[in-house]
Amino acid sequence: MAMNPRARNQRLEMVIGIIGFFAVAALVNVVASLVQGKPVLMPMVVLVAFTALLGYAVRVRRRS
Amino acid sequence: MASVTTTGSEIQTSTPAPPHRGSGVRWGAIGSYAGIAAIVIWCLAPFYWMVVTAFRDVGYTFDTTPWPTHVTLDNFRTAFSTDLGNHLARALVNSVIIGICTTAIALIVGVFAAYALSRLQFRGKFIVLGVVLGASMFPGVALLTPLFQLFTNIHWIGTYQALIIPDISFALPLTVYTLTAFFAEMPWELEQAAKIDGCTPGQAFRLVLLPLAAPGLFTTAILAFISSWNEYLLASELSNDSTQPVTVAIAGFTGAQPHQEPYTTVMAAGTIVTIPLVIMVLLFQRRIVAGLTAGGVKG
């Protein structure tokens, strides 16, 4: 059964919020690693993954 | 229900047969009760074993008799005794202080946030709710090292605020989420009627909505208190001897001999710690269920 468009948008916004929270946490981790001179490859990969997910979710929300 | 069918001049009345009563053995009901019994045993067996061991003489700690044998109250005396460096009474007071402060602050902040999220219309409302949900998913262990570093730098290690503030960060998402569902269920007309009668939005919230939201507030307060009461991970690193809560105090119990684990004393302390929660849940169980199920059904 097709979901109500309003409910779908609300769920999408919640997903954006959740992914956004973790994307910000990943960004803070990258900045902290850079400032402290620690290896930044893995935090950067995680940040890119979350950013890509967030971008996809925002795009889906705009289309709906 | 009887039904009447007309075929030409013939009128037929058909009544459905009464439900089949079976031969007396109701396998469905038996299965349900067996399932309930299995779940109850599964959930309560560890607590039962804790209580049985708490009342058992220390010489019979590993006795596997499933009912209390060699009953004694010595374990409870030892748990409260400070001779071995254990401070359960002080830890209980600490846990109560931390729990009450955490619950009060989380509830005060959470009630306003939940009201805004459920009642006010603004862009990105559900994104904020998603962020709140995301914060509640964040693993506590990831916060341990940064918090330890931060609190060491500002000389907060071993203080109450070092234990209360992280606890609030765990209790607040729970508070906001539960109360948002509760406020969303309340009829808009109440607030509008209060405004027509001359209330400001603040007065309508304080005098009309808050009293009606009491079951939800109770539920949320109890859940926040329980989450704070049971917190161990952060407290084990951020507290010291004078501020440690019960969870940390029990884990640090020492026996009479070196390297001796005082299982019966730990079980007695566990029983003492569980009692306030059990009493609270029994007293407010109806409100808890009402509050938890609020928002579950729309319309």
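None of the figures in this text is laboratory data; all of them are computed from the coordinates on show. As the structure is a prediction and not an experimental result, all values here were calculated from the model. Note that we place each Cβ from the backbone using ideal geometry, even for glycine, and neighbour counts take in every protein chain shown.
Some notes on this structure:
- The Kirkwood hydrodynamic radius of chain A, based on inverse pair distances between different Cα atoms, is 12.9 Å.
- Helix axis angle, A:41-63 relative to chain A longest principal axis, alpha carbon, degrees: 20
- Using the Cβ-Cβ distance between B:Q161 and B:W67 with R0 set to 56 Å, the FRET efficiency works out to roughly 0.75.
- Most fluctuating residue given options B:E189, B:E237, B:E261, as computed from a GNM of chain B linking Cα atoms under 10 Å: B:E189
- Angle in degrees between helix B:125-137 and the longest Cα principal axis of chain B, rounded to the nearest 10: 40
- Global form of the range B:83-293, assessed from the alpha-carbon gyration tensor, a/c cut-off 1.5: prolate
- For B:R56, nonlocal amide neighbours, meaning residues 5 or more places apart or on other chains whose placed amide H falls under 5 Å from its own, are B:T72.
- Here chain A is assigned +1 on the Cβ of each Lys and Arg and -1 on the Cβ of each Asp and Glu. Its dipole about the Cα centre then comes out at about 340 debye.
- The order of B:T271, B:T64, B:T102, B:T69, going from fewest to most other C-beta atoms within 10 Å of their C-beta, is B:T64, B:T69, B:T271, B:T102.
- Net length available on complete extension from B:V25 to B:A251 is 76.3 nm, with 0.36 nm assigned per residue and the Cα-Cα distance removed.
- Among the trypsin sites (Lys or Arg not before Pro) in the range B:86-190, those placed in a DSSP loop whose Cβ has at most 14 other Cβ atoms within 10 Å are B:R123.
- Nearest-0.05 FRET efficiency for B:E237 and B:Y60, computed from C-beta distance (R0 35 Å): 0.50
- Ranking of B:C199, B:C43 by neighbouring Cβ atoms within 10 Å, starting from the fewest: B:C43, B:C199.
- Potential lengthening of the chain between A:S64 and A:V31 amounts to 8.5 nm, from the contour at 0.36 nm per residue minus the alpha-carbon distance.
- Cα gyration tensor shape of the protein assembly as shown, rounded if a/c is under 1.5, else prolate or oblate by comparing a/b with b/c: oblate
- For the range B:28-72, the convex hull spanned by the alpha carbon atoms encloses 68 Å³ per residue.
- In plain terms, the residue of B:T61, B:T200 with the fewest other Cβ atoms within 10 Å comes first and the most crowded comes last, giving B:T200, B:T61.
- Net lengthening on full extension, B:F47/B:L190 (0.36 nm per residue, minus Cα-Cα): 47.0 nm
- Longest DSSP-loop-exposure-free segment, chymotrypsin sites (Phe, Trp or Tyr not before Pro), chain B, at most 15 other Cβ within 10 Å: B:123-231
- Degrees, to the nearest 10: B:88-119 long Cα axis against longest axis of chain B: 40
- Our coupling estimate for the range B:141-152, obtained by passing each phi through the Karplus curve with A = 6.51, B = -1.76, C = 1.60 and θ = phi - 60°, is 5, 5, 8, 4, 5, x, 5, 4, 4, 4, 5, 5 Hz, Gly and Pro reported as x.
- Förster radius 30 Å - calculated FRET efficiency between B:V109 and B:T274 (Cβ-Cβ, nearest 0.05): 0.60
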